[in-house]
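Undergrad: Okay, here's the structure, questions in a sec.
What follows draws every value from the coordinates through simple rules; no lab data is involved. Since we're looking at a predicted model, the values are computed, not measured. Heads up, the Cβs are rebuilt from the backbone with ideal geometry, glycines too, and the neighbour counts pull from every protein chain shown.
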C-alpha cells in the first residue's frame, strides 16, 4: 500500500454516511441488556445512521479503498448528512502512507486538504465551482473509477444495495462481509 493511491467516496444510495455520536444520546438510557433505548426518533435516527429525505429513509455509506479498488474501511451517516465530517475517520483506516488521496468534490475543503498533506500524502480532490482552483492532476483523478467499481461489486449483495438491516451495527457487518468476500475473490 505504500506509495499507492487511496480513494474516498460516499456514493451508496439508498444508505448514508455518518458515525453514531455519543453526544447525541442525551435522553436515552441503557437497558439491562446493554442496549441503548429511549430518546426521540431523531436521536434514534442519528444513532442508527438513518436520514430522512424526499425519498424516505436513507443511509450514506462512505468507503476508503486501496490502489487496487478494494475496500479498507467504511463509515455510515444519515442520508442527508455531508461526507466531509467523517472523512478523518476514513483516513484513520490507512495503515501506511499513501502517495495520493483521491476523492470527489464532496470532500473539497482546505482543512481536509491540509489534513491529507499532514499525513504525508498528496490530495487529488477537484474544487467546487465557488472555490479557487487547486492542483488536481487529471491522470491520477481518472483512477477514481476504481472505487466506483468497488461499490458496484459490493452492491451485487442485495443487502448492501438496499439496507434491510435496522441497526447501524448490523448494516456495517453486512458491508464488512461483502468487502471481505470481494477481497477473497481478488
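Undergrad: Hey, can you tell me all the residues within segment 91-114 that are part of a helix (DSSP H, G or I) and over 16 Å from residue 73 (Cβ atoms)?
TA: Of everything in segment 91-114, those that are part of a helix (DSSP H, G or I) and over 16 Å from residue 73 (Cβ atoms) turn out to be 105, 106, 110, 111, 112, 113, 114.
Undergrad: Separate question: More than 22 Å from residue 182 (Cβ to Cβ) and crowded, with 20+ Cβ neighbours inside 10 Å: is that true of residue 79 in this structure?
TA: Details: more than 22 Å from residue 182 (Cβ to Cβ): yes; crowded, with 20+ Cβ neighbours inside 10 Å: yes.
For residue 79, the condition - more than 22 Å from residue 182 (Cβ to Cβ) and crowded, with 20+ Cβ neighbours inside 10 Å - is met.
Undergrad: Looking at the structure I just gave you, is residue 123 buried (at least 18 other Cβ atoms within 10 Å of the Cβ) and without any contact (Cβ under 8 Å) to a residue 24 or more places away in the chain?
TA: So residue 123 passes the test.
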